[in-house]
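> Supplied in structure tokens, the structure appears directly below.
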Number of protein chains: 2
Amino acid sequence: MVTDQTKPVDHPAFRAISDPTRRAILDGLRDGPRTSGRIAASFLVSRPAVCKHLKILVNSGLVRVHKRGRERVYELEARPLEKVEGWLEQYRQFWASRLARLKDYLESEQTGADELKGNS
Amino acid sequence: MVTDQTKPVDHPAFRAISDPTRRAILDGLRDGPRTSGRIAASFLVSRPAVCKHLKILVNSGLVRVHKRGRERVYELEARPLEKVEGWLEQYRQFWASRLARLKDYLESEQTGADELKGNS
DNA sequence: GTAATCTGTAACCGAATGGTTACGGATCAG
DNA sequence: CTGATCCGTAACCATTCGGTTACAGATTAC
């Protein structure tokens, strides 16, 4: 076996970070906790839309929320991203290794011996 | 500024890897190039469904394809994942640093001085 | 040539997604 | 108490998504 045989990684975070707006929200929260209104003010979409994104982020574990008076403070909780990182890690060798670059080179002159590289 | 100020990262790969089936397809391709039929055979969903997933993966740049006789060989192209990795990297400090763990500890006894940590 | 095989796509369908406007609950200001 | 403010959710809508079955184009086998 060429690569590590690991169970399929699944986590709601994968879905959560697939949306550009949600990623932008997370990016903003890297500067510190923010209230719902303040977050929404920095986006073109409506406030309820942001609220729904925040809900998704909370449900995926990427953001925590707690009340403070009449406002609610949202805060980044990055730990679930570790799952994504873990999945990604298994691919790093395919873009970072010398072998990967060698492969790229060989592919520039089609050998036609494709499936020889790994068939179970 | 606490964190690096970077342009919002966007790439079709984020959407592509949000689906569990597509991630499983990529996982399989780590063992080497495979034909469409062989890939489909290892999934419960129908062959056309796998075809559509493969198309999405090709369009996102995560998979390359070339014909060989009457079959088509799909091959992993991991480089776009570097974009995802780059975005993720900006969050590593939030789950890996000593500061992050200190924050976690402090949060276990609500101080109420939330937004003091970073307001522009 | 003809039949079997490998493959992608069209047509269709139900469910989920991402957005909107309208509303109501809770809290602060006066 | 009353009005303004902050906020989440309900209801609705168009679009996308992920799946299916049916079909058609190429290539191989005989």
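> Give A:23, A:15, A:47 a once-over and let me know the one that is at the interface with chain B (Cβ under 10 Å from one of its Cβ atoms), farther than 15 Å from residue A:77 by Cα and not small (Gly, Ala, Ser). Steps first, please.
Values: A:23 fails: farther than 15 Å from residue A:77 by Cα; A:47 fails: at the interface with chain B (Cβ under 10 Å from one of its Cβ atoms).
After ruling out the rest, the residue left standing is A:15.
> Just a yes or no: is a residue in region B:55-65 closer than 19 Å to residue A:88 by Cβ, within 8 Å of chain A (Cβ to nearest Cβ), within 16 Å of DNA strand D (Cβ to nearest atom) and crowded, with 18+ Cβ neighbours inside 10 Å?
Looking for residues that are closer than 19 Å to residue A:88 by Cβ, within 8 Å of chain A (Cβ to nearest Cβ), within 16 Å of DNA strand D (Cβ to nearest atom) and crowded, with 18+ Cβ neighbours inside 10 Å, one finds none in region B:55-65, hence no.
> Count, please, the residues in region A:8-58 that happen to be outside any helix (DSSP H, G or I), of a type outside the set (Gly, Ala, Ser) and out of contact with any strand residue (DSSP E or B) (no Cβ under 8 Å at 6 or more places or on another chain). Even if it seems obvious, please write down each step before you answer.
First, pick out the residues of region A:8-58 that are outside any helix (DSSP H, G or I): A:8-11, A:17-19, A:30-35, A:42-46.
From the residues that got through so far, the ones that are of a type outside the set (Gly, Ala, Ser) too are A:8-11, A:17, A:19, A:30-31, A:33-35, A:43-45.
With the extra rule that they be out of contact with any strand residue (DSSP E or B) (no Cβ under 8 Å at 6 or more places or on another chain), the set shrinks to A:8-11, A:17, A:19, A:31, A:43-45.
Total meeting the criteria: 10.
> Kindly indicate whether residue B:38 is within 12 Å of another protein chain (Cβ to nearest Cβ), near DNA strand C (Cβ under 10 Å from one of its atoms) and in contact with a helix residue (DSSP H, G or I) (Cβ under 7 Å, 6 or more places away or on another chain). Steps first, please.
On the way: within 12 Å of another protein chain (Cβ to nearest Cβ): yes; near DNA strand C (Cβ under 10 Å from one of its atoms): yes; in contact with a helix residue (DSSP H, G or I) (Cβ under 7 Å, 6 or more places away or on another chain): no.
Considered against the rule, which asks whether it is within 12 Å of another protein chain (Cβ to nearest Cβ), near DNA strand C (Cβ under 10 Å from one of its atoms) and in contact with a helix residue (DSSP H, G or I) (Cβ under 7 Å, 6 or more places away or on another chain), residue B:38 comes out as no.
> Quick check on my filter: what residues within region A:26-35 are more than 9 Å from chain B (Cβ to nearest Cβ) and open to solvent by less than 20 Å² (accessible area, probe 1.4 Å)? Working first, answer last.
Residues of region A:26-35 more than 9 Å from chain B (Cβ to nearest Cβ): A:28-29.
Matches in region A:26-35: A:29 only.
> Can you find even one residue in region B:92-99 that is among the polar types (S, T, N, Q) and either more than 10 Å from DNA strand D (Cβ to nearest atom) or open to solvent by less than 40 Å² (accessible area, probe 1.4 Å) (or both)? Please lay out each step first, then the result.
Step one: of region B:92-99, the residues among the polar types (S, T, N, Q) are B:93, B:97.
Filter once more, keeping what is either more than 10 Å from DNA strand D (Cβ to nearest atom) or open to solvent by less than 40 Å² (accessible area, probe 1.4 Å) (or both): B:93, B:97.
The answer is yes; a qualifying residue exists.
The values are calculated or read from the model by the stated rules, or taken from the named source; none is laboratory data. Just so it is clear, the model here is predicted, and its values are computed rather than measured. Neighbour counts are summed over all protein chains in view; Cβ atoms, including those assigned to glycine, are modelled from backbone coordinates with ideal geometry. We work out accessible area using only protein heavy atoms, side chains counted, and drop any ligands, DNA or RNA first. Shrake-Rupley method; radii C 1.70, N 1.55, O 1.52, S 1.80 Å.
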